[in-house]
Amino acid sequence: MVNIRSLGHAAFVLTYESKVVYVDPFIKNNPRCPISVEDITKADIVCVTHGHYDHLGSTEEIIKQTGAVLVSAPEIIHYMKRLMPDIKNEPLGCGGSVEIDGIKIRAVEAKHSNAIHGKGEFFPVGIAYGFIIEFGPTVIYHAGDTAVFSDMKLIAELYMPKIAMLPIGDRYTMGPREASVAASFIGAEIIIPMHYGTFPLIGSEVEKFTELTKETAPASRVVVVNPGESIDVE
């Protein structure tokens, strides 16, 4: 059983047995996040899809508080090691995987830019990822920030995710129409929309996405997990 809790935007905490995994932990300065960084007392793994501030987020603070392992692109880990030389880390190249305490994590392609914000500048840090995370038989696909692309069909064929988290907010990622096509490519049993309604420039058409997905991916079920809410998936 995996508990999936939304922290708003693209941030999730995934709990499997005694293990806690944070994905894109945008906590501080996230207007939709229901918790503060100080509330986080346990994290075993932090997965970061790319370096933008609304995804790298509070990674540094969480790792300092909990001693969690950072899983991300080598370039992001190199940057974070400058801040925390003793950070526990598992770098992944696109397509590569690592297993930590029985949880298998694989980096997959995302169509998005990747840079870290610092003092008014952007520092390029490789390519952006999505993640396939396997909790025993339960496979979760967190798509990161991405456009729709046809190789999502290959991700589905290779990993057969039961749950897919897809951005729908438009402007910086795919919008509802494109995300509904992505849902059809992936064919997951449960689709969780994310990355919408956080800021004025990001849309919040979750109802439109839900209706479109009924047509494009009728075998999938859209489940809206609002910030602070959670679902259990076997």
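Overview of results
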read-out	value
Label-to-label distance, nm, for residues given as Ser36 and Phe149 (7 Å Cα→Cβ offset)	4.0
Dimensionless Rg over Rh [segment 102-189; C-alpha; Kirkwood]	1.01
Amide H partners (placed H, <5 Å) of Val148, local residues excluded	Met174
23 Å Cα-Cα threshold exceeded, pairs from Lys153/Lys214; Lys104/Lys208; Lys28/Lys104; Lys88/Lys162; Lys19/Lys104	Lys104/Lys208; Lys28/Lys104; Lys88/Lys162
Residue-by-residue Karplus 3J(HN,Hα) for segment 91-107, coefficients 6.51, -1.76, 1.60, Hz, glycine and proline x	x, 10, x, 4, x, x, 9, 9, 10, 10, 6, x, 9, 9, 10, 10, 8
Amide proton proximity set for Gly130, modelled H, under 5 Å, gap of 5+	Val108, Glu109, Ala110
For Phe12, residues with placed amide H under 5 Å, excluding near neighbours	Leu7, Val23
Using a Förster distance of 25 Å, the FRET efficiency for Val223-Glu99 (Cβ separation, nearest 0.05)	0.35
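Every read-out reported here was derived from the displayed coordinates using simple, explicitly stated rules and does not represent laboratory data. Not measured: the values here are computed from a predicted model. Note: ideal-geometry Cβ built from the backbone for every residue, glycine included; neighbour counts use all protein chains shown.
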